[in-house]
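The values are calculated or read from the model by the stated rules, or taken from the named source; none is laboratory data. Note that the coordinates shown come from a computational prediction; the quantities given were computed from them, not determined experimentally. Here Cβ is always computed from backbone atoms with ideal geometry, including for glycine, and neighbour counts include all displayed protein chains. Note: areas computed on protein heavy atoms with side chains; ligands, DNA, RNA excluded. Shrake-Rupley method; radii C 1.70, N 1.55, O 1.52, S 1.80 Å.
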Amino acid sequence: MQDHTEVKALKEAMLYEAVEGDMVKCNLCARRCVIKEGQSGFCRVRKNINGKLYSLVYGKAVSAAVDPIEKKPLFHFHPGSSVMSIATVGCNFRCKFCDNWVISQEEEIYGKNLPPSRVVELALKYNCQGISYTYTEPTIFFEYAYETAKIAKEKGLFNTFVTNGYMTPEAIKTIATYLDAATVDFKGSANPEFYRKISAVPSVEPIFESLMEMKRQGIFIEITNLIVPKYGDSMEDLRKLAKWIVDNLGPETPFHILRFHPDYQLIDVPSTPLETLIKAREIALEEGLHYVYIGNVPGHEGENTYCPNCGELLIERYGFTILNWKITSNGKCPNCGYKLNIIGEYHSRGFQQYVVL
């Protein structure tokens, strides 16, 4: 039996159920782990203690920083705004290329005490327009994100997830009232074998199910796709993914094609060739997506937003900074009057980023 004082300091988890014996079933992420007494789930941060499931990372931030929203990346949601970004240790994936592996794959539970109310206070102090749950997978610190998002909404801030999308419909329905937007990150163009071998994910289908539930709940969606040379750079897979987005989420969905950089256990794999990224963008546009971006290549024209109707350059970017904004106050192309899929007002600011902890 766990020490009562220690248990009292923890946060009981949301979205779980008791099963036979003292085991519990977690219904937060698509793994739906059945966890024995004294054991933790695949994410390492949700533990069965005396037949109840607890979050081990509630209020324990390992990272908190003010970021431009374009870093998420969200190009079509409150462009130019600043967001307070927070994370805890843990993840429900085991990506061999993770660039935040130091915290996502950490097995020790640690973090600075930063309760939800304090996160919101910091966001307001640093003149942020919203809060982003990011860096690691927000699903695994769901209770922390949920309570923070609830307070943030009351204070007039928006909330965004940067997520692998591997969560249950129940989780999405639970937080939908407070979650305004999500960046859903695909890797290797959703190739099932890639996910199994490189990220230890048994099936990609739950990600597509999550996206459909987000759409039903009215959460604004942008999609990213990391192209990993040798392992996940099939143009056929990318075409299938782009087509699925057009058919199910709509051609107006922003799609970011990201350049891979060597990291963690794939340091021997080269960065994605620029010609591969350009070809991928061409294919996505051919499939009917209106807004296709090339990420992690600062200064490339693929960072910019063009009018889907007349081709006019409307938003010029360099990295996370908006250099030029030509869209009218009512969200239209000044050249042809086409209405752009952009949510929220444009927040004019230079690049800013502050590390809070």
Listed by range, strands (runs of 3 or more DSSP E) wholly within region 76-187 having at least 2 residues that are of a type in the set (A, V, I, L, M) are 82-87, 181-187
Within region 247-257, of all residues that are surrounded by 15 or more Cβ atoms within 10 Å (Cβ to Cβ) and in contact with a helix residue (DSSP H, G or I) (Cβ under 9 Å, 6 or more places away or on another chain), the one nearest to residue 343 (Cα to Cα) is 253
Mind checking which residues of region 166-188 are open to solvent by 10 Å² or more (accessible area, probe 1.4 Å) and either among the polar types (S, T, N, Q) or without any contact (Cβ under 8 Å) to a residue 24 or more places away in the chain (or both)?
174, 177
Would you confirm whether any residue within region 96-103 is surrounded by fewer than 24 Cβ atoms within 10 Å (Cβ to Cβ), farther than 23 Å from residue 224 by Cβ and of a type in the set (D, E, K, R)?
no
For region 247-285, name all the residues that are over 12 Å from residue 228 (Cβ atoms), acidic (Asp, Glu) and in contact (Cβ under 8 Å) with a residue 24 or more places away in the chain.
252
Give just the number: which of (1) within 30 Å of residue 227 (Cβ to Cβ); (2) open to solvent by less than 10 Å² (accessible area, probe 1.4 Å); (3) not in a strand (DSSP E or B) does residue 73 not satisfy?
(2)
Just a yes or no: is a residue in region 144-151 open to solvent by 10 Å² or more (accessible area, probe 1.4 Å) and among the hydrophobic types (A, V, I, L, M, F, W, C)?
yes
Taking region 11-26 on its own, how many of its residues are closer than 21 Å to residue 88 by Cα and open to solvent by 20 Å² or more (accessible area, probe 1.4 Å)?
5
Test each condition in (1) in contact with a strand residue (DSSP E or B) (Cβ under 8 Å, 6 or more places away or on another chain); (2) more than 29 Å from residue 313 (Cα to Cα); (3) crowded, with 19+ Cβ neighbours inside 10 Å; (4) not small (Gly, Ala, Ser) for residue 260 and report the one that comes out false.
(2)
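Per-residue answers, yes or no, for (1) at pLDDT 95 or above; (2) open to solvent by 50 Å² or more (accessible area, probe 1.4 Å); (3) in a loop (DSSP other than H, G, I, E, B):
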position: 285; (1), (2), (3): yes, yes, no
position: 311; (1), (2), (3): yes, no, yes
position: 322; (1), (2), (3): yes, no, no
position: 327; (1), (2), (3): yes, no, yes
Would you please name the residue that is farthest from the chain's Cα centre (by Cα), looking only at residues in region 196-211 that are buried (at least 17 other Cβ atoms within 10 Å of the Cβ) and either among the polar types (S, T, N, Q) or modelled with pLDDT under 95 (or both)?
199
Among the residues of region 291-309, what is the count of those that are part of a loop (DSSP other than H, G, I, E, B) and hydroxyl-bearing (Ser, Thr, Tyr)?
1
So is residue 40 among the small types (Gly, Ala, Ser) and open to solvent by 30 Å² or more (accessible area, probe 1.4 Å) or not?
yes
So residue 193 ticks every box in (1) open to solvent by 10 Å² or more (accessible area, probe 1.4 Å); (2) part of a loop (DSSP other than H, G, I, E, B); (3) on the phi < 0 side of the Ramachandran plot but one. Which box is left unticked?
(2)
Within region 198-233, which residues are part of a loop (DSSP other than H, G, I, E, B) and touching a Gly at 6+ places or on another chain (Cβ under 8 Å)?
231, 233
